[in-house]
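What follows is a single structure, written as structure tokens, with notes after it.
The values are calculated or read from the model by the stated rules, or taken from the named source; none is laboratory data. Note that the coordinates shown come from a computational prediction; the quantities given were computed from them, not determined experimentally. Here Cβ is always computed from backbone atoms with ideal geometry, including for glycine, and neighbour counts include all displayed protein chains. Note: areas computed on protein heavy atoms with side chains; ligands, DNA, RNA excluded. Shrake-Rupley method; radii C 1.70, N 1.55, O 1.52, S 1.80 Å.
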Amino acid sequence: MATDNSGPSRTRSRPTVLDRFYDIGVVLKGIDGAVELAVGLLLWLAPGALAGLLGRAADDLAAEPSEFRHDLAEYIARLDHDLAYGPLTFVILFLILHGVVKLALVYCLLKKLYWAYPFALALLSLFLVYQVYALLTQPTVWMLIFTLLDVAIIYLVYREYREIRAEVASARMDKPAADSPDADKPDDASTL
């Protein structure tokens with residue numbers, strides 16, 4: 001007999017706004033993981049290509065009159081500098097591992113694999129601790145925004161986990177008596 005470990009399906013007829021935010025947040029985490037993996041692989045296989053891309057992007061954005069684009073250009077230029085003169089091996093390993101872990105978590109969450117939620121919460125919380133550290137040591141508006149988004153996503157994953165856990169508990173309580181090991185034994189009322 002095959003068991004379905006994907007967890008229960010939603011019993012609500014219409015998803016709530018928070019359900020939609022959850023789905024969007026998980027998909028965004030997946031996109032983020034794919035980008036991190038791609039950048040990590042690009043840095044590993046062709047480090048000069050990324051430096052050229054970042055340099056051109058920073059120059060193009062700096063030429064625009066918008067303050068937002070100027071700030072983004074400064075961020076990209078600083079990232080380009082950090083990648084060129086920083087500990088590249090650590091950055092490459094971090095991006096590749098972080099990307100793979102995020103993609104695996106996103107897959108499990110979208111498939112609603114019940115057992116994966118505690119792992120997802122633990123790993124997302126560890127990533128958040130690192131982000132808070134980075135925010136405190138080198139604060140940027142972008143890091144603050146990403147950190148706040150990650151706090152929201154952790155809350156939404158926890159909320160989803162609680163709902164699925166309640167559904168699993170309810171499904172276990174609703175199992176027919178025939179599935180229990182004592183089903184073959186007569187109850188006290190039938191022996192009288």
Lone qualifier among Asp60, Asp71, Asp80 - being open to solvent by 50 Å² or more (accessible area, probe 1.4 Å) and free of Cβ contacts under 8 Å to residues at least 40 places away in the same chain: Asp60
Odd one out for Gly30, checked against (1) over 21 Å from Ile153 (Cβ atoms); (2) crowded, with 17+ Cβ neighbours inside 10 Å; (3) at pLDDT 90 or above: (1)
Condition met for Val106 (part of a helix (DSSP H, G or I) and open to solvent by 60 Å² or more (accessible area, probe 1.4 Å)): no
Flag if Ala122 is of a type outside the set (Lys, Arg) and touching a Cys at 6+ places or on another chain (Cβ under 8 Å): no
Test: residue in the range 60-67 that is in contact with a Gly (Cβ under 8 Å, 6 or more places away or on another chain) and of a type in the set (A, V, I, L, M): no
Residues within the range 33-51 that are over 19 Å from Leu123 (Cα atoms) and open to solvent by 70 Å² or more (accessible area, probe 1.4 Å), tallied: 2
Leu54 being open to solvent by less than 40 Å² (accessible area, probe 1.4 Å), part of a helix (DSSP H, G or I), touching a residue at least 24 places away in the same chain (Cβ under 8 Å) and not charged (D, E, K, R): yes
